[in-house]
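Since the structure comes first, as structure tokens, the remarks are kept for the end.
The values are calculated or read from the model by the stated rules, or taken from the named source; none is laboratory data. Just so it is clear, the structure is predicted and the values come from calculations on it, not from any experiment. Reconstructed Cβ throughout: ideal geometry from the backbone, glycine too, with neighbour counts over all protein chains shown. Side chains included, ligands, DNA and RNA excluded: accessible areas come from the protein's heavy atoms. Shrake-Rupley method; radii C 1.70, N 1.55, O 1.52, S 1.80 Å.
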Amino acid sequence: MVGTMLEELTGRRVALRHRIAPDDSPGPRFSDAVGELAADGPDVVIVHTRSGPVRVARDAVVAVREVPAAPRRRPSWTAVERLELVRAAAWPAPTRQDLGRWRLRAASGYSMRANSALALGDPGMPVEHALAEVVRFAEQHRIRPLVQVPVGSPWSRRILGAGWVPVGSVGSVGSVGEVLVLVAPAHPDDGPVPDWPAAPGPDWWSPHGSVPAAGDPALRVLVPDGPDAPALGFGLLRAADGTPAAAVRAAVVDEHLYLARLAVRPDLRSRGLGGRLTRHALAWGCAHGARHAVLDVTADNDAARSLYARLGWTEHHRYHYLAPGPPASGDRSPL
């Protein structure tokens, strides 16, 4: 009966009671774990609790039941700002200009993250004037004017009130494309810590489709130089025949591991490679001083969100991109 329930409740939030000592033990004989239930092979299940994953042998489970989802506790805006600054340092734009507590960024168009103004507080001037500076900066660097801002924050509301509109994840004006910032503890893997190079080689690029040419703007973002550059690792998994199968970029900033550019070769997807590489990355980050891990995933990427949920990642906050809205009259075509 319990075994059947474990199968039926996989992927749901449960309360699970399991045996931790024999019946004749003088101390506690049972323990409880509450969180999302996942399988870990034929003999073990995992309960992803708030304090971390709890692994339990299936034959030690004495009871399990589904429980309502826990209400998500919204972090303070101070905590959101700190994590956004970590993300910005781990994915640095080569051109940056501070505007109060806004940061204008340009990277010749490579990635919205590195080609937008990060708005986290008071820009030191009226918002309308700050947005005019964003437009001026964008025109100067020949990029699209964008502001990246946490969803629901006071500055998001102020910018929306100034007539700017949400941008979809594929760049369509008018649709809401939210991005989830997920967090997890950094912890060592069961195996040895991977020895990853600090720059991507041709094989690392293979799961992404192509190798950029010398001077490509992507390289200035992915492999920044200078004294404030993060510690970097470019992880690669190979298929059984030795060919590149999956790749990820890892960066450590202020005890945070930031994961980006996770890619699995299309013909090798749904084989657990993404999860395996993510676990390796956590081990790599832990060995390089990280205690926390963070990554981004778009709200409409159901496959990736499911993968990270199974691995115990949880949502910290969301952000979106805002762009100038269409004019009140005349040409109303997208930017």
Counting only residues in the stretch 78-125 that are over 21 Å from Val167 (Cβ atoms) and among the acidic types (Asp, Glu), the one surrounded by the fewest Cβ atoms within 10 Å (Cβ to Cβ) is identified as Asp98
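Residues checked against (1) without any contact (Cβ under 8 Å) to a residue 12 or more places away in the chain; (2) basic (Lys, Arg); (3) under 24 Å from Val80 (Cβ atoms); (4) open to solvent by less than 10 Å² (accessible area, probe 1.4 Å):
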site: Pro217; (1), (2), (3), (4): no, no, no, no
site: Asp228; (1), (2), (3), (4): no, no, yes, no
site: Thr243; (1), (2), (3), (4): no, no, no, no
site: Arg271; (1), (2), (3), (4): yes, yes, no, no
site: His288; (1), (2), (3), (4): no, no, no, no
site: Thr298; (1), (2), (3), (4): no, no, yes, no
Exception for Gly35 within (1) of a type outside the set (Asp, Glu); (2) without any contact (Cβ under 8 Å) to a residue 24 or more places away in the chain; (3) surrounded by fewer than 21 Cβ atoms within 10 Å (Cβ to Cβ); (4) more than 24 Å from Val221 (Cβ to Cβ) falls at (3)
Restricted to the stretch 141-151 and to residues being open to solvent by 40 Å² or more (accessible area, probe 1.4 Å) and of a type outside the set (D, E, K, R), the residue farthest from Ala106 (Cα to Cα) is Val151
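Please tell me if Arg265 is surrounded by 14 or more Cβ atoms within 10 Å (Cβ to Cβ), within 28 Å of Val80 (Cα to Cα) and basic (Lys, Arg).
Values: surrounded by 14 or more Cβ atoms within 10 Å (Cβ to Cβ): yes; within 28 Å of Val80 (Cα to Cα): no; basic (Lys, Arg): yes.
So Arg265 does not fit the description; no.
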When Pro71 is run through (1) on the phi < 0 side of the Ramachandran plot; (2) crowded, with 17+ Cβ neighbours inside 10 Å, the failure sits at (2)
